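Please treat every number below as a calculation from the coordinates, not as lab data. The structure presented is a predicted model; accordingly, all values stated were derived computationally and were not measured. Backbone-built Cβ (ideal geometry, glycine too); neighbour counts: all protein chains shown.
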Amino acid sequence: MNEYNQKRINPPFWQHDCHILKRLYREIKIEVHRWVNKNSEVLDYGCGPAPYEHLLTGRCSRYIKLDIGKNNSADILVLENEKIPLPDSSWDVILSTQVLEHVADPGFYLSECRRLLKPGGKLILSTHGIWPYHPFPEDYWRFTESGLKKILRDNRFKTVNFKGLIGPFASSVQFTVLLLADFLVKKPFPAKLILVLLSVISNISISVLDSIFPYRKNSDSSLYFLCAEKY
């Protein structure tokens, strides 16, 4: 596993987004164990470097990675907003982690998810609420619980499980340290040492604030995680 993927699934405590990434990994693992079995066919739609591949290979009958642009990790490459060259109703589970905010037309993206899933198939998806701009290659959208549920309903998905991974006060700290990290990481060594200290303090603060002020229905969150079912 490469260094980037290792930092996604097991970030050190001094990493500035440690808390949120660990929460995300835990939720993905729970949903994968709930919905994926030896007969499942899983599509990783917008796979990037496929940090969660190890959760799926060996657990399902087929795992395919799909992305846009130049990605050596992907099995299939497509153009932005291009219909995927795969048959309708052919997948049991689609995994979409940190993708929806980067697609120019999220409605088209979700319509393709629905087309590809079998009836009753599951979409496991995460995307941002409160988060700094991060083009990869572009960054278009931020969501709320109401907005995400609406766009899912519009594309004929039923929400099975929905969570904001950290609450609003913890999210405000996460947003601030992300901005500081983007600034300090480009500076000489002393600044990087300051970033480590700030990251440790912020991760403690995020954990404490999240225990006191957890996510409530329709409150703000850094990251939303959901499972939805095609109907």
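If you build the convex hull over the alpha carbons only and average its shadow over all orientations, what do you get for the stretch 69-159? Give it in nm² to one decimal.
6.0
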**Q.** Shape box of the stretch 3-230 [Cα atoms, principal axes, largest first, Å]
**A.** 53, 38, 32
Q: For the stretch 121-173, just the Cα atoms, rotate onto the principal axes and tell me the three extents in Å, largest first.
A: 34, 28, 17
Q) Sorted by packing (mean other beta-carbon atoms within 10 Å per residue), highest first, where do 154-160, 17-23, 82-88 land? A) 17-23, 154-160, 82-88
Q.
Show me the three semi-axes of the equivalent ellipsoid for the stretch 1-99, from the C-alpha gyration tensor (sqrt of 5 times each eigenvalue), largest first, rounded to whole Å.
A. 24, 17, 11
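In nm, what is the difference between 0.36 nm times the number of residues separating LEU193 and TYR133 and their Cα-Cα distance?
19.2 nm
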Q.
Quick check on the stretch 14-64: take the gyration tensor over C-alpha atoms, sort the square-rooted eigenvalues as a ≥ b ≥ c, and tell me if it's rounded (a/c under 1.5), prolate or oblate.
A. prolate
**Q.** Quotient of C-alpha Rg and 2.2 N^0.38 Å, computed over the stretch 99-231
**A.** 1.21
**Q.** Helical contribution to [θ] at 222 nm, DSSP H n ≥ 4, -39,500 (n - 2.57), averaged over the chain, rounded to 500
**A.** -12500 deg cm²/dmol
Q | Placed amide H near CYS47: partners under 5 Å, 5+ positions off or other chain | A | LEU66, ASP67
Q | the stretch 3-230: antiparallel DSSP beta bridges as a percent of all, rounded to 5 | A | 45
